[in-house]
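The values are calculated or read from the model by the stated rules, or taken from the named source; none is laboratory data. As the structure is a prediction and not an experimental result, all values here were calculated from the model. Reconstructed Cβ throughout: ideal geometry from the backbone, glycine too, with neighbour counts over all protein chains shown. Accessible surface areas use protein heavy atoms only, side chains included; no ligands, DNA or RNA. Shrake-Rupley method; radii C 1.70, N 1.55, O 1.52, S 1.80 Å.
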Amino acid sequence: METRDWIIAIVLLIIGLLIGYFAAGPGKVTTTTVTRTSIKTVTTTITAGAPPKTTTSPKTTTPAEKVKNPDKLIEATIGEPETLDPAWAYDTASGEVIFNMYETLIFFDRDKVDQFIPVIATKVPSFSNGLVKDGGKTIIFPIRKGIKFHSGRELTPEDVEYSLERVMVMDRDGGPSWMILDPLLGVESTRDENGNITVKFEDIDKAVEVEGNNVILHLKKPYPLTTLLQILSQTWSSIVDKQCAIKHGAWDGKAETWTKYNNPDNPPLQEADCGSGPFKLGVWEHGKQVVLKRFDDYWRGPANFTEFIIMKVDEWSTRKLMFLRGDVDMAYVPRQHAKEIEGAPGIRVYKNLPTLSNAALFFQFNITPTSPYIGSGKLDGNGIPPNFFQDKNLRKAFAYSIDYDTYLKEAWFGEAIRTPGPIPKGLPGYDPNMPMYKYDINKAKQLFQKAWNGKVWEKGFKFSILYNSGNEQRKALAEMIKDKVEGLNPKFHIEVKAVEWPDYLKAMVRGELPLFIIGWLADYPDPYNFVFPYMHSSGTFAAWQHYKNPKVDQLVEKLITTTDQQKRIEICRELTRIYYEDIPSVIVYQPLGRHYERTWVHGWYYNPIYPGVYAYPLWKG
């Protein structure tokens, strides 16, 4: 899932997440506890298969503060959602809102990423309870009765069938549908590379069926059960109110019309609320905030807050003042400004929060010719041509131009590492001994001189690098690239521009960005979920970049069907080697992360797969 760095609480060490194909082993990550007047720095210990243990600094003698807005939970962050449509959303800003409005068949058991609780389903399917049959190809979900949608309708098995089929029917470019299509139909897309539909509706219809009060999934092939359950616990698997969705222009549920709803230009449920979760949509004030209202008829009982407000406050000084005054309960704190908050009264800090995520600099192999970010569109010193980055020398030159050590020290205060390829440290297949690009400005100069048979050095270039407003780390990286590259040749010109998060995503998907910086948060903890989006021609990033290597596609597809652990590791190493040689992108950081909240907030726990704050279990006091 694409990320904003405010929620990328990124891992230095994830031990024991060897799930799915791999046997789990215990491990833990600990930090030191620091005590300051009225501030609590939390030590988090996470052991695979066990709930996290947290310790806070001893209570101080400072009188307890009066809780502000006791019936509301308010978060101040950067950016805003792209959409509220679960079948479209594939970014964490959207995901945070969606998983508070909608529910899935099953959900993660608090902090655990490999254990689940029944939600809309009454049981979690397993071989032992008889709900997984035919060697893992038939999965049965008994549906809970009495759940109400926000519309007042009672949820039925037909709503579940419609919701999962709609994800496959919609299958928008760069979206999350591939994770449902892969196990159910054995394909990553409903279309070929030319956009022609290649699947039949009868296959979609047969993959999800209703029998009595059960919804039955028929898999094309045996699939790792834990991985499938993780996919079904995420926002794209949200169950929507069928009548509500159709009313707002979503697929009408008919076989003869499904192709009209395939790969739409815009999300049908952009600002609709067709959910059954603990919060319903109050108002989305674009550029300002999303206000979620408590759903009093929620089947597990009403939430503790009447409202959960997610405020868009890109300016750090404003966000800081709001947090220090207690006007907001949680806030995104850029690492560069951490010392301005630590030591302040009434604020609790969680550090070293393990998650599965990384971020990279991506090269667009075929820039949209009408992009407003490539100047003249020619290699004439006033722009760049659409195929500018197809020259491997050029991609390597940019990779060698980044002073990684300085960037990690200044932008992340050393709380980050670099990895050779897409697979983060902590997952099987990660190998720190594989080659990776390091800062070498002389090599960068030589490669710039070779690029395009010397024309790049002779004529120069001009283009823009964008970052999402408020993201200090991405801004710092873009400015570093500008500084280092422009310093090599006075004919090199790069403009660094800030844009809003939804605009950034749209420009990226349209292929308008020559270079783009973005992170990936795991959909599920397996190396396949990193090499697929980064390297497979149908993967999220690779498809946007127009990167395709047939050998890579074969290796990635082999990885998900291989059960032997050592063979999977060998495949991962080969993919990492090709990643270094082809350089479709370069991993820049895998940082540690933090969480900041007022000390009057209680009940927060950390799950590295969550896209943001899950408000239902929280309270203030």
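Report yes if Glu486 is open to solvent by 20 Å² or more (accessible area, probe 1.4 Å), farther than 23 Å from Phe388 by Cα and out of contact with any Leu (no Cβ under 7 Å at 6 or more places or on another chain), otherwise no. So Glu486 does not fit the description; no. Of Tyr437, Tyr400, all but one fail to be over 18 Å from Gly487 (Cα atoms), touching a helix residue (DSSP H, G or I) at 6+ places or on another chain (Cβ under 6 Å) and either at pLDDT 95 or above or small (Gly, Ala, Ser) (or both); the exception is Tyr437. Residues that are open to solvent by less than 30 Å² (accessible area, probe 1.4 Å), at pLDDT 95 or above and either in a loop (DSSP other than H, G, I, E, B) or hydroxyl-bearing (Ser, Thr, Tyr) (or both) within the range 101-125 comprise Tyr102, Glu103, Thr104, Leu105, Val119, Ile120, Pro125, listed in sequence order.
Considering the range 489-524, and only residues there that are touching a Pro at 6+ places or on another chain (Cβ under 8 Å) and in a loop (DSSP other than H, G, I, E, B), the residue that is modelled with the highest pLDDT turns out to be Glu512. Of all residues being modelled with pLDDT of 95 or more and in contact with a Pro (Cβ under 8 Å, 6 or more places away or on another chain) in the range 587-603, which is least open to solvent (accessible area, probe 1.4 Å)? Just the residue, please. Of everything passing the filter in the range 587-603, Ile587 is least open to solvent (accessible area, probe 1.4 Å).
Given the condition at positive phi and open to solvent by less than 20 Å² (accessible area, probe 1.4 Å), answer yes or no: does some residue in the range 360-370 qualify?
Start the filter on the range 360-370 by keeping residues that are at positive phi, which leaves none.
Taking every residue of the range 360-370 in turn, none turns out to be at positive phi and open to solvent by less than 20 Å² (accessible area, probe 1.4 Å).
Has the range 425-446 got at least one residue that is in contact (Cβ under 8 Å) with a residue 40 or more places away in the chain, farther than 30 Å from Ile560 by Cβ, surrounded by fewer than 21 Cβ atoms within 10 Å (Cβ to Cβ) and in contact with a strand residue (DSSP E or B) (Cβ under 7 Å, 6 or more places away or on another chain)? No, the range 425-446 contains no residue that is in contact (Cβ under 8 Å) with a residue 40 or more places away in the chain, farther than 30 Å from Ile560 by Cβ, surrounded by fewer than 21 Cβ atoms within 10 Å (Cβ to Cβ) and in contact with a strand residue (DSSP E or B) (Cβ under 7 Å, 6 or more places away or on another chain).
If I ask for residues that are in a loop (DSSP other than H, G, I, E, B) and either more than 22 Å from Leu505 (Cβ to Cβ) or touching a strand residue (DSSP E or B) at 6+ places or on another chain (Cβ under 9 Å) (or both), which ones from the range 244-273 would you list? Result: Trp251, Asp252, Gly253, Lys254, Asn262, Asn263, Glu271, Ala272, Asp273.
Within the span defined as the range 541-561, one or more residues are touching a residue at least 60 places away in the same chain (Cβ under 8 Å), under 17 Å from the mean Cα position of the chain (by Cα) and farther than 19 Å from Asn468 by Cα. Contact map, the range 178-195: residues that are closer than 14 Å to Asn263 by Cα paired with residues that are among the basic types (Lys, Arg), Cβ distance under 9 Å, separation 6+ or inter-chain. Pairs shown: Glu193/Lys548.
Which of the following residues is surrounded by fewer than 20 Cβ atoms within 10 Å (Cβ to Cβ) and within 28 Å of Ser276 (Cα to Cα): Thr306, Thr318?
Thr306
Look at the range 329-342: where a residue is more than 15 Å from Glu410 (Cα to Cα) and open to solvent by less than 10 Å² (accessible area, probe 1.4 Å) and a partner is in a loop (DSSP other than H, G, I, E, B) and among the hydrophobic types (A, V, I, L, M, F, W, C), sitting 6+ places away or on another chain with Cβ atoms under 7 Å, you get Met330/Val613; Ile341/Val333. Asp296 passes every criterion in (1) within 26 Å of Asp91 (Cβ to Cβ); (2) surrounded by fewer than 17 Cβ atoms within 10 Å (Cβ to Cβ) apart from (1). Contact annotation: residue pairs with Cβ atoms under 6 Å, 6 or more positions apart or on different chains, pairing a residue in the range 465-488 that is part of a helix (DSSP H, G or I) with a partner that is at pLDDT below 95 and of a type in the set (A, V, I, L, M), are Gln473/Ala411; Ala476/Ala411.
Of all the numbered requirements in (1) touching a Ser or Thr at 6+ places or on another chain (Cβ under 8 Å); (2) in a strand (DSSP E or B); (3) surrounded by fewer than 18 Cβ atoms within 10 Å (Cβ to Cβ), Met311 misses one, and that requirement is (3).
Looking across the range 497-555, just one residue is open to solvent by less than 20 Å² (accessible area, probe 1.4 Å), at negative phi, touching a Ser or Thr at 6+ places or on another chain (Cβ under 6 Å) and of a type in the set (Gly, Ala, Ser), and that is Gly519.
For the range 196-209, what are the residues that are in contact (Cβ under 8 Å) with a residue 40 or more places away in the chain and not aromatic (Phe, Trp, Tyr)? Before you say what the answer is, go through the steps one by one.
Of all residues in the range 196-209, those in contact (Cβ under 8 Å) with a residue 40 or more places away in the chain come to 197, 201-202, 204-205, 207-209.
Those that are in contact (Cβ under 8 Å) with a residue 40 or more places away in the chain and not aromatic (Phe, Trp, Tyr): Ile197, Glu202, Ile204, Asp205, Ala207, Val208, Glu209.
Among the residues of the range 367-382, those identified as assigned to a loop (DSSP other than H, G, I, E, B) and either more than 23 Å from Tyr467 (Cβ to Cβ) or touching a Gly at 6+ places or on another chain (Cβ under 8 Å) (or both) are Ile367, Thr368, Pro369, Ser371, Ile374, Ser376, Gly377, Lys378, Leu379, Asp380, Gly381, Asn382. Taking every residue in the range 231-248 that is under 13 Å from Ser163 (Cβ atoms) and pairing it with any residue that is part of a helix (DSSP H, G or I) and small (Gly, Ala, Ser), at least 6 positions away or on another chain, the pairs with Cβ-Cβ distances below 7 Å are Thr235/Gly95; Ser238/Ser163; Ile239/Ser163; Val240/Ser163. Only one entry of Ile78, Ile98 meets the criterion of being under 25 Å from Asp327 (Cβ atoms), buried (at least 23 other Cβ atoms within 10 Å of the Cβ), under 17 Å from the mean Cα position of the chain (by Cα) and of a type in the set (A, V, I, L, M, F, W, C), and that entry is Ile78.
The residue that is least open to solvent (accessible area, probe 1.4 Å), counting only those in the range 244-266 that are over 23 Å from Leu281 (Cα atoms) and of a type in the set (Phe, Trp, Tyr), is Trp258.
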